[in-house]
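What follows is calculated from the coordinates using simple rules that are stated; it is not laboratory data. Note that the coordinates shown come from a computational prediction; the quantities given were computed from them, not determined experimentally. Ideal geometry is used to build each Cβ from the backbone, glycine not excepted, and the neighbour counts take in all protein chains shown.
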Amino acid sequence: AFMLITARLQPYAKAVVFGNLENLETMLYQEILENLDLEQFRDKPVIIKGCTNKPVPQNAYLWATAKIQQVAKSVMYGEACSSVPIFKCK
């Protein structure tokens with residue numbers, strides 16, 4: 001049944017997700033991170049902000065770290081005044 005609904009929605013919907021709002025948010029974060037231009041982070045220290053008023057799926061932090069680590073000089077987590085080092089280029 002879900003495949004039929006997807007087939008009917010496909011011409012009108014950008015994406016169809018089975019699950020709850022958390023599944024949708026996770027998929028949206030993954031899509032954004034996959035299309036992220038990494039050049040802005042090349043050879044720079046990057047802090048992935050931890051505290052936010054918006055709920056961020058845990059997987060988004062994993063994907064962001066793995067992606068940014070490819071080009072950044074270092075990756076830290078938290079706030080500028082109290083960041084935790086995650087990765088440092090050798």
For PHE87, residues with placed amide H under 5 Å, excluding near neighbours: VAL75
From phi via Karplus (6.51, -1.76, 1.60), per-residue ³J(HN,Hα) for segment 37-45 in Hz, x at Gly/Pro: 7, 7, 4, 5, 9, 4, 6, 10, x
Estimated [θ] at 222 nm from DSSP helical runs (n ≥ 4, -39500 (n - 2.57)) normalised by residues in the chain, nearest 500: -11000 deg cm²/dmol
Listed residues ALA60, ALA80, ALA15, most fluctuating in the chain (Gaussian network, C-alpha, under 10 Å): ALA15
Approximate spin-label separation GLN40-LEU62, in nm, with each point projected 7 Å along Cα-to-Cβ: 2.5 nm
Under 11 Å from the LYS49 label point (7 Å along Cα→beta-carbon), backbone N, segment 70-90: 79-80
Cα-centre dipole for segment 2-88 with unit charges at Cβ (Lys and Arg positive, Asp and Glu negative), debye to 20: 100 debye
Among VAL17, VAL71, VAL46, residue whose mean-square fluctuation peaks in a GNM of the chain (springs only between Cα atoms under 10 Å): VAL17
Under 19 Å from LYS54, Cα to Cα: aspartates and glutamates that are on another chain or at least 8 residues apart: GLU22, GLU25, GLU31, GLU79
Sites excluded, chymotrypsin sites (Phe, Trp or Tyr not before Pro) in DSSP loops with at most 11 other C-beta within 10 Å, longest stretch of the chain: 19-90
Over 18 Å (Cα to Cα) - which of LYS14/LYS67; LYS49/LYS90; LYS67/LYS88 fall in this group: LYS14/LYS67; LYS49/LYS90
